[in-house]
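The values are calculated or read from the model by the stated rules, or taken from the named source; none is laboratory data. Here the structure is a predicted model, which is why all the values come from computation and not from measurement. Note that each Cβ is placed from the backbone with ideal geometry, even for glycine, and that neighbours are counted across all protein chains shown.
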Amino acid sequence: MSTFDRISEKYREKSLVQQKAAAKLFDLLKIGGSDDIIDIACGPGHITNGLSKATNGKVTGIDISEGMIEQAQALYPEIEFRKIEAEDLDCNDMFDIAFCNSALQWFDDPDMALAAIFNSLKKTGKLGLACPATPSWSPWFGRIISKVTENREIKPTFSHWKNPWFHLPTENDYKLFFEKHGFVTIFIDIDHEQTDYSAEEAFNNSVKEEIKRQSRDGRIMVDFNRLYYIGRK
């Protein structure tokens, strides 16, 4: 069972930062009324459902987590969902928009994933992507994680740990990365974002307890950098 399978039932109510990013990405894309859309790493489908209400076109959600897909299919049976990795995406020239929110950093092979997403788009189709950007860990997250990893039950797990996320050093490096895969950049920006976050919204109990210790009245201001990118095929 993957990490995302284990959190699938809680993801909708606790992924507040991701939902905020999705809303901004949605506005940037200017979705057309007949656009066919693929939601890459769709999770439990609530954002996919929002996309389906913006178009009369076909909307498909994909995710690597069986738990996420099962929940999405149960919640939104009228939408097509598939369990498949972005790297293995097997549809060509099918979509006007590829929507990819808070997922690029997790791809095992970002180059292969971007090539597959590019191929899935129709001529002049668009990619809308948002993801955490450098620096890898914001000050608040660094403080939380450094304390959590001192926990004697967790410390052995982190003894050989390294940041699993895919990151590039600068905005221009991201631009070159997307353009290497054929995209023409329409919009790119790295925003410094802040979100008021409750300890109860944490997925992990150790993280929740550390947030409580470092917070004021159980809340903490989450701040980090997020990339927003719109590119045309």
**Study point:** Total residues in the range 60-83, condition under 17 Å from the mean Cα position of the chain (by Cα) and either among the acidic types (Asp, Glu) or crowded, with 17+ Cβ neighbours inside 10 Å (or both)
**Key:** 12
Check your understanding: Looking at the range 1-117, what helices (runs of 4 or more DSSP H) fall wholly within it and have at least 2 residues that are at pLDDT 95 or above?
Key -> 16-29, 46-52, 66-75
